[in-house]
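Enquirer: I have a structure here, written as structure tokens, and I will follow up with some questions on it.
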Amino acid sequence: LQDIIQAYKSGITLQGNTTSLGKWDYSGSFFFSISAITTIGYGNLSPSTAAGRIFCILFALFGIPLNLILLNEIGQLMLLGVQHCAHCLEEVFHWQKKASFLIKTCALVTGLLLFLLLPPLLFSDKEGWSYEEGFYYSFITLSTIGFGDYVIGMNPDRTYPGWYKNVISLWILFGMAWLALVIKFCINFLE
Amino acid sequence: MASTSQPLRGKRACKKVFWAVFPHACFILSLVIYAFLGALMFSHIEGNRKVNLSEEYRKFLQSLWYISRNLSDNMTENEEVFREKIHALLNTAERDWFVNPKDIWTFFGSLFFCCTVFTTVGYGNTYPVTRIGKYLCMLYALFGIPLMFLVLTDMGDILATVLSKSYNEFRKLQAKFLASKFCAGFTCNKRDELKSRAQSKIVINEPLTIMEVLKSQAGAKRKAVKYRNVEIFEMLIARESEHMKPAKNKCMERWSSCPELARGKTMSRVMENFDKIGQQLEKLDVPIVLMVLIIFVYISCAAAILPKWEKRLDFQEAFYFCFITLTTIGFGDTQLEHPKFFLFCSLYIIIGMEIVFIAFKLGQERLIGLYKQVISFCGQKKMPSKKIYPK
């Protein structure tokens, strides 16, 4: 008994039944490559062969700048959308200065809702986490820290719908772009 | 008279050096203080966590006892019959049942944890378990990550200047070497290009004129040969106009005939330096292959040294670990035996993250240039079919 506990303490885990995100099939590998190029790096799945590691290094070397470009573009698109809305509002209501400030706060609040406050509800429904745990997971993921203590889709007792992983990937992408935009605005504002 | 002016000059030089280094030291010091404060906070909160046997842990232990009671002496029989049960049972186990918080959340352990938070590496071998620990972790990250980003950008400026200067020197040497081999007409072009490129590093902070826009774009299309003559021509014009333009930067400085004004000048210069953070990074123009080579050499150095005290890692694993850490991916699959020594190499880690950061920035620009070329190529191909001939 002591030996088993000792073995578990030193970090040896068994390759038991896991969900598809824990095995190296297509969706698991896709999730792994996303966690690598967004530099989140959960670590629930990581390459153990030498060839896999070398490929991971090369993959990350090209993938991370590509990801940064993508985030930049998405951020610019979001910014354009917000400015477009601001222009429309100005024309309709003739507010001028107040409109852009209002639109900016609106966009901020919508982004906050969409990316930080509403997803934990989804997680509590699908993963069985509490709201706080879902919020903690969202924050740790979007800031790309990615401890790996909470990872979606790793519970073998639960069934996940087909659209779940894709929606989460989209959420990660847009959430990170929004967060980068917010940080850029904060830095501009502080200067 | 000369003897009294010497120490004064030395003092002034000392002061100058101090005020030049002060902003950078300021940032790094604040980051270090932030890390120490965080370490104290987390070691207090998480280290003093009350460990009580939860209900699930009791059930887990009970099931384990039942299973072991049914084990016979025959090993192979045990393996087949009970493997599934043990697998299922161990999958329900949670890691924080088996660890003593006081062992992991020592001061150095919490310091390591704080570093993984604000560098966004996030290994995950240590993570907060209590509710207040999690909230504090989020708050800590919210302020720590921008601070780290600021330090990175600031030191990145220094690194970028060093890199671009050494690269320019190397190119000058190379051009001299080549000039001694080829004919005069060819070398004239190259020398002009190098001179204009070296001079285009002059910083004049004013609203972007057309010349500067062209200059900043010239970096992206540097590879295309047909643009080179245009670039040289524009740079020659820019150089001419720079000689004729009044130096607008001097409007902030006053002639330092009295010491109070001199102090004000240093103060305003320090303030200007705060505003200029990140500008050298924007202007870096070094080939990306060189950067990738530098990264690989840098990581190989660390990977050669690391196995000296981490007995479980060989060169290949240490290389992989360093790479995953420096890009801040941080899987956490590689366990360190002595995290303390890794902390002492924090300067190495910061410089390494710098280099990777610069390389990724450069990679972005190159990729965008590549996309632009591809799109313009596709656009040119499509043009003939789109021509509408007026009737």
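Enquirer: B:Leu139 to B:Glu84: FRET efficiency via 1/(1 + (r/R0)^6), r the Cβ-Cβ distance, R0 51 Å, to the nearest 0.05?
Expert: 0.70
Enquirer: Please sort by residue number the chymotrypsin sites (Phe, Trp or Tyr not before Pro) in the stretch A:39-127 whose DSSP state is loop and whose Cβ has at most 15 other Cβ atoms within 10 Å.
Expert: A:Trp95
Enquirer: Moving on. Modelling each spin label as a point 7 Å along the Cα-to-Cβ direction, I'd like the B:Phe344/B:Phe98 distance in nm, to one decimal.
Expert: Rounded to a tenth, the inter-label distance reads 3.1 nm.
Enquirer: The stretch B:1-152: D in µm²/s via Stokes-Einstein (Kirkwood Rh, Cα pairs, 20 °C, 1.002 mPa s)?
Expert: After rounding, the answer is 107 µm²/s.
Enquirer: Need one number: buried accessible surface between chains A and B, 1.4 Å probe, both sides summed, DNA, RNA and ligands left out, in Å² to 100. Intermediate results must be reported in sequence, preceding the final value.
Expert: On the way: alone 12870 and 26920 Å², together 35650 Å².
Buried area between the two chains comes out at roughly 4100 Å².
Enquirer: Something else about it: What are the ³J(HN,Hα) values, in whole Hz, obtained from phi via the Karplus relation 6.51 cos²θ - 1.76 cosθ + 1.60 with θ = phi - 60°, for each residue of the stretch B:123-130 in sequence order, with x given for Gly and Pro?
Expert: Running phi through 6.51 cos²θ - 1.76 cosθ + 1.60 with θ = phi - 60° gives 4, x, 6, 10, 8, x, 10, 6 Hz.
Enquirer: Moving to a separate point now. For a quick check of your reading of the filter: which chymotrypsin sites (Phe, Trp or Tyr not before Pro) in the stretch A:132-191 sit in a DSSP loop and have no more than 16 other Cβ atoms within 10 Å? Present the calculation step by step, with values, prior to reporting the outcome.
Expert: Numbers: sites: A:Phe135, A:Tyr136, A:Tyr137, A:Phe139, A:Phe147, A:Tyr150, A:Trp163, A:Tyr164, A:Trp171, A:Phe174, A:Trp178, A:Phe185, A:Phe189; in loops: A:Phe147, A:Tyr150, A:Trp163.
Filter output for the stretch A:132-191: A:Trp163.
Enquirer: Calculate, for B:Ser68 and A:Met154, the FRET efficiency according to 1/(1 + (r/R0)^6) with r their C-beta to C-beta distance and R0 25 Å; round to the nearest 0.05.
Expert: With R0 = 25 Å, the Cβ-Cβ based efficiency is 0.35.
Enquirer: For the stretch A:52-191, just the Cα set please: Rg and Dmax, both in angstrom.
Expert: Expressed in Å, the Cα Rg and Dmax of the stretch A:52-191 come to 18.1, 59.
Enquirer: How many nm separate the modelled label positions at B:Val51 and B:Ser30, each set 7 Å beyond the Cα in the direction of the Cβ?
Expert: Computed distance between label sites B:Val51 and B:Ser30 equals 3.9 nm.
Enquirer: Same structure again: Using only C-alpha atoms and all pairs of different ones, pull out the Kirkwood radius for the stretch A:59-116 in Å with one decimal.
Expert: Here the Kirkwood hydrodynamic radius works out to 13.1 Å.
Enquirer: Related question: At 7 Å along Cα-to-Cβ for each site, give me the label-to-label distance between A:Tyr164 and B:Val374 in nm.
Expert: 3.5
Enquirer: Once you have the alpha carbon radius of gyration of the stretch A:111-191, what is it after dividing by 2.2 N^0.38 Å, with N set to its residue count? Walk me through the numbers before you get to the answer.
Expert: On the way: Rg = 13.8 Å, N = 81, 2.2 N^0.38 = 11.7 Å.
Scaled against compact globular proteins, the figure is 1.18.
The values are calculated or read from the model by the stated rules, or taken from the named source; none is laboratory data. Treat the numbers as computed from the prediction; the structure is a model and nothing was measured. Note that each Cβ is placed from the backbone with ideal geometry, even for glycine, and that neighbours are counted across all protein chains shown. Heads up: the accessible areas ignore ligands, DNA and RNA and are worked out on the full protein's heavy atoms, side chains in. Shrake-Rupley method; radii C 1.70, N 1.55, O 1.52, S 1.80 Å.
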